[in-house]
Amino acid sequence: DQQVKQNSPSLSVQEGRISILNCDYTNSMFDYFLWYKKYPAEGPTFLISISSIKDKNEDGRFTVFLNKSAKHLSLHIVPSQPGDSAVYFCAATYDGGTGKLIFGQGTTLQVKP
Amino acid sequence: EPEVTQTPSHQVTQMGQEVILRCVPISNHLYFYWYRQILGQKVEFLVSFYNNEISEKSEIFDDQFSVERPDGSNFTLKIRSTKLEDSAMYFCASSEDSNTDTQYFGPGTRLTVL
């Protein structure tokens with residue numbers, strides 16, 4: 001039951017360019033979305049979130065876009081840096097629930113110097 | 001900056017043995033969670049805990065699993081009789097005062113069942 005999907009297992013970009021990571025969801029009840037970054041042997045680290053009442057949220061180099069009609073969100077990283085190389089997980093939950101996060105499979109981002 | 005801590009970082013056990021994984025959530029947080037990630041797979045929800053009781057548990061969280069908040073700081077996950085397929089990274093997370101507040105994750109415990 002893949003309610004949250006990240007269809008690209010990996011992405012490689014040059015330092016300084018834009019990284020775009022994509023995520024699709026199927027459950028219309030989801031109304032809060034998060035992006036986490038994960039390095040090997042570490043726990044997921046929160047990056048940025050967006051509520052369904054917005055279509056964009058920005059924090060420094062990170063911007064998340066939400067297209068509710070398409071049930072799609074994306075994370076933009078500009079400019080990309082080698083330290084951004086990690087696995088990025090999209091997660092979703094809904095207000096009124098218990099806080100359970102449903103994760104996508106993750107996308108491994110490699111930023112080349 | 002406050003962080004979630006977990007012990008041990010790595011636990012090796014024999015099949016059928018009991019294990020207890022420990023977590024210290026961020027001190028003013030009220031919602032607590034356990035997730036796991038089997039190697040090469042996605043992070044999966046196990047259980048959420050609020051006000052000293054389980055609010056939701058997944059199908060994975062069967063009778064062999066239990067959670068407890070024995071004091072004001074620790075949050076534990078017990079697996080009564082481990083199976084080979086319980087081998088995974090187990091992550092504890094906590095959030096402040098709402099079920100849509102950001103969840104902060106610990107570094108994880110790698111459980112290896114032999």
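The values are calculated or read from the model by the stated rules, or taken from the named source; none is laboratory data. A quick note: this is a predicted structure, and the numbers were derived from the prediction, not measured. A quick note on method: Cβ atoms are made from the backbone with ideal geometry, for glycine too, and the neighbour counts reach across all protein chains shown. Note: accessible area is taken over every heavy atom of the protein model, side chains too, but ligands, DNA and RNA are not part of it. Shrake-Rupley method; radii C 1.70, N 1.55, O 1.52, S 1.80 Å.
Before moving on, here are some points about what is shown:
- Using the Cβ-Cβ distance between A:SER8 and A:LYS56 with R0 set to 22 Å, the FRET efficiency from 1/(1 + (r/R0)^6) comes to roughly 0.55.
- If you run the Gaussian network model on chain B, springs between alpha carbon atoms under 10 Å, then out of B:LYS42, B:LYS78, B:LYS57 the most flexible one is B:LYS42.
- Site-free segments of chain B were taken between GluC sites (Glu not before Pro) in DSSP loops having at most 16 other Cβ atoms within 10 Å, sites themselves excluded; the longest one is B:19-58.
- For residues of A:90-100, the mean tally of beta carbons on other chains within 10 Å: 6
- Heavy-atom accessible surface of chain B: percent carbon and sulfur, 1.4 Å: 45 percent
- For the stretch A:52-61, Karplus couplings with θ = phi - 60° (6.51, -1.76, 1.60), whole Hz, Gly/Pro x: 5, 7, 10, 10, 7, 9, 10, 8, x, 7
- About the centre of its Cα atoms, the stretch B:5-98 shows a dipole size close to 280 debye [charges on the beta carbon of Lys, Arg (+1) and Asp, Glu (-1) only; nearest 20 debye].
- Residues in chain B average 50 Å² of solvent-accessible surface per residue, probe 1.4 Å, ligands and nucleic acids excluded.
- Taking all Cα pairs closer than 8 Å and separated by 6 or more residues, the relative contact order of chain B comes to 38 percent.
- Other protein chain Cβ atoms within 10 Å, averaged over every residue that makes up B:46-57: 2
- Charged-residue dipole, Cβ positions (Lys, Arg, Asp, Glu), the protein assembly as shown about Cα centre, Debye nearest 20: 660 debye
- Whole-number percent relative contact order across chain A, with pairs defined as alpha carbons under 8 Å at least 6 apart: 37 percent
- Simple rule: put +1 on each Lys or Arg Cβ and -1 on each Asp or Glu Cβ in the protein assembly as shown, find the dipole, and look at A:SER74, B:ASN74, A:THR93; the Cα lying farthest toward the positive end is A:SER74.
- The simple Förster model, with R0 at 22 Å and r as the Cβ-Cβ distance, assigns B:ASP97 and B:ASN52 a FRET efficiency of 0.90.
- In this label model, B:LEU30 and B:LYS78 are separated by 2.7 nm, measuring between points 7 Å along each Cα→Cβ vector.
- Panel values: the stretch B:5-98, Kirkwood radius from alpha carbon pairs, Stokes-Einstein at 4 °C and 1.567 mPa s, translational diffusion coefficient 95 µm²/s.
- Peptide B:33-42 has a mean of 3 when you count, residue by residue, the C-beta atoms of other protein chains within 10 Å of its C-beta.
- Chain B and chain A together bury an accessible surface of about 1700 square angstrom, both sides counted, with a 1.4 Å probe and no ligands or nucleic acids included.
- Remark: the stretch A:100-109, residue by residue, has Karplus-estimated 3J(HN,Hα) of 3, 9, 9, 9, x, 6, x, 10, 8, 9 Hz, where x stands for each Gly or Pro and the curve is 6.51 cos²θ - 1.76 cosθ + 1.60 at θ = phi - 60°.
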